[in-house]
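Every number here is computed from the coordinates shown, using simple stated rules; none is lab data. Computed from a predicted model, the values in this text were never measured in an experiment. Methodologically, a virtual Cβ is constructed for each residue, glycine included, from the backbone with ideal geometry; neighbour enumeration extends over all protein chains shown.
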């Protein structure tokens, strides 16, 4: 299955920043508390983007773990390499396409992660199979992604503003079903953990910033809503009006992120 999607770096980083500003919980802390990576482990982060998870593992293990991060987006990899250089190059950063055979030997890593990316795989069983192949026996694969109840107010306001049905999102439509099933098919044990993080917006502006970044980043998924800049701005104006009405009625806009964390053990 081909996913018609391409990350837009600035928009992705904008959404991450909004999560930090307005979120009530820290998903990074939740992840490391859940995984507790050890300093003597070899770790691979697939779809590492700008390297956030890699540097989190580096900090958590006091620089003792051997960490590798890979991604297909060269713009994001450039950011990861820049931060890596600032830290003294403790992480191995390389190009990695999870739709191709991984450039690693069998049973190489103790811990592997793929955060908010795995549901864009063209062939899910193949990608999950590659992740399992490069894990040592007893090694763990951690994946994260949106669950069906994720950020309901975001979709509710867009539906109200446009009168259109929300297109299927690769994350919430594939993650809790296809990804989980594929992991259960090849791993001896898969545990499901849920992380909920309410983002409380006291004004319309940060919600609109998030919405603008989200629609722009995932623009190919929203092609039935707008074509080109003029249509995009008309949609945003309608969303702004709908969000203002919701804010006036509720006093704030609370968008709850509902994330699944699947931990598979080989």
Extension reserve of the residue 205-residue 82 stretch, reckoned as 0.36 nm per residue once the Cα distance is removed: 41.2 nm
Region 194-226-region 75-154 distance, computed between alpha-carbon centres (Å): 24 Å
Principal-axis tilt of helix 228-250 within the chain, Cα atoms, nearest 10 degrees: 80 degrees
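Give me the mean projected area, in nm² to one decimal, of the convex hull enclosing the Cα positions of the chain. Walk me through the numbers on the way to the answer.
On the way: hull surface 54.7 nm².
Answer in nm², one decimal: 13.7.
What is the antiparallel percent of DSSP beta bridges lying wholly in region 15-265, to the nearest 5?
Numbers: 21 of 40 bridges.
DSSP beta bridges in region 15-265 are roughly 50 percent antiparallel.
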Virtual paramagnetic centre 7 Å along Cα→Cβ of residue 105, amide N under 19 Å, in region 64-88: 66-69
Residue order, fewest to most surrounding Cβ atoms within 10 angstrom, among 147, 183: 147, 183
Label zone at residue 173, where the point sits 7 Å out along the Cα-to-Cβ direction: region 106-139 residues whose backbone N lies under 17 Å: 117-124
Mean Cβ neighbour count within 10 Å, used as a protection proxy, ranking 121-131, 191-201 highest first: 121-131, 191-201
Computed label-point distance, nm, for sites residue 10 and residue 33 using a 7 Å Cα→Cβ extension: 3.6 nm
